[in-house]
1. Using the Cα centre of the chain as the reference point, and only Cβ charges (+1 on K/R, -1 on D/E), how large is the resulting charge dipole? Debye, rounded to the nearest 20.
2. Of ALA211, ALA161, ALA203, which has the largest mean-square fluctuation in a 10 Å C-alpha GNM of the chain?
3. So for the chain, taking the charge dipole from beta-carbon charges (+1 Lys/Arg, -1 Asp/Glu), which of GLY153, VAL204, SER134 sits furthest toward the positive end?
4. Given a Förster radius of 35 Å and the C-beta distance between LYS248 and ASN65 as r, what FRET efficiency does 1/(1 + (r/R0)^6) yield to the nearest 0.05?
5. Enumerate the whole-percent occupancy of each 5 Å bin, from 0 to the last occupied one, for all C-alpha pair distances of the range 144-290.
6. If R0 is 25 Å, what FRET efficiency do you get for ALA156 and SER27 from their C-beta distance, rounded to 0.05?
7. Provide the gained length on full extension for the span ALA269 to SER38, in nm with one decimal, where the gain is 0.36 nm per separating residue minus the Cα-Cα distance.
8. Whole-Hz Karplus ³J(HN,Hα) for the range 116-125, in order, using 6.51 cos²θ - 1.76 cosθ + 1.60 and θ = phi - 60°, x for Gly and Pro?
Amino acid sequence: MIDGRSTVRSRELGNALRLAMERSNFSGKRLAELLGWSESRVSRFLTGRLGATEVEVSAMLALLNVTGETRESLLRLTREQEALGWSPSVQSRALGEHLRKSSRITDFHAAFVPYLLQTERYARAVVSRMVNVSFDSIETHVAERVADQVVFGRTAPPHCAFYIHELALHLPIGGYEVMSEQLHHLLRMAVRSYVNIRIIPAAVGAHAGLAGSCTLMEFAEFEPVVFLDEEIGGHFREEPDEIAAYQKVFAAISAVSLDQTTSKDLIAALAEEHYDERKDEQEVLDEDDE
């Protein structure tokens, strides 16, 4: 943390401490009095604007009567503040929290429909083919993806710009029926005033997003964050030069993408194609049963 600027990690620790306080019915003022700290110091811990040491967190947890695995997980999170790696479960929770707090989300995916726009059946079809996700945890992963879509139910939802490569819409993920349902869902989302869906046409060839999927989240209260999705978890990027680099990527992607209206027309045409393929497939199955 530099000059009081919060980071993804410090905010995640602050959120966890705030939850522990709520469970123990502790206010920031009471905790500050018992520890002999200023109330503003506790507030800065909780907002992530002041990094907490393991000793400081241990003192807070002792007063909050947090013990066992919960205590160990919070101390582990404290130690991870400066670490390169981050446990997948903590990272997934942090991503969800930041999506929920975003005022603007800009998302690019080349291989499939972005998580925030996925139907449950489509999400399950994607997750079930991830070789590093166990069969027993598939439904947990699907539930996490669907839960993040709560951002659309906010009183003031974030402005969202989704860039999807055309080839991702041709893949019959989950079969033609699931894909047809998914594309019709995109059309329903696209009519919302705060959702902008644009397609990168295959005819463009090479483009600025070839390095991989990325999500830029902007906030009213703190600096932007980029999340890079990878096979094993992912990575947050939040240094100013890193943010500037991905803003350039999105500007270049936008320059070659179809406009909103043309994108909707393409999605509608592909939805119809998948629907027709599903009917043809069903007719073949019916003939085989006769």
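1. It works out to roughly 2000 debye.
2. Maximum fluctuation in the GNM of the chain, among the listed residues, is at ALA203.
3. Going by the charge dipole, the pick is GLY153.
4. E between LYS248 and ASN65, to the nearest 0.05, is 0.10.
5. 2, 8, 15, 17, 19, 17, 10, 6, 3, 2, 1, 1, 0
6. So the FRET efficiency works out to roughly 0.35.
7. That works out to 77.0 nm of additional length.
8. 5, 10, 7, 6, 5, 5, 5, 4, 5, 5
The values are calculated or read from the model by the stated rules, or taken from the named source; none is laboratory data. Predicted model, so just to flag it, every value in this text is computed and none were measured. Cβ: placed from backbone, ideal geometry, glycine included. Neighbour counts: every protein chain shown. What goes into the accessible areas is simple: the full protein's heavy atoms, side chains included, and nothing from ligands, DNA or RNA. Shrake-Rupley method; radii C 1.70, N 1.55, O 1.52, S 1.80 Å.
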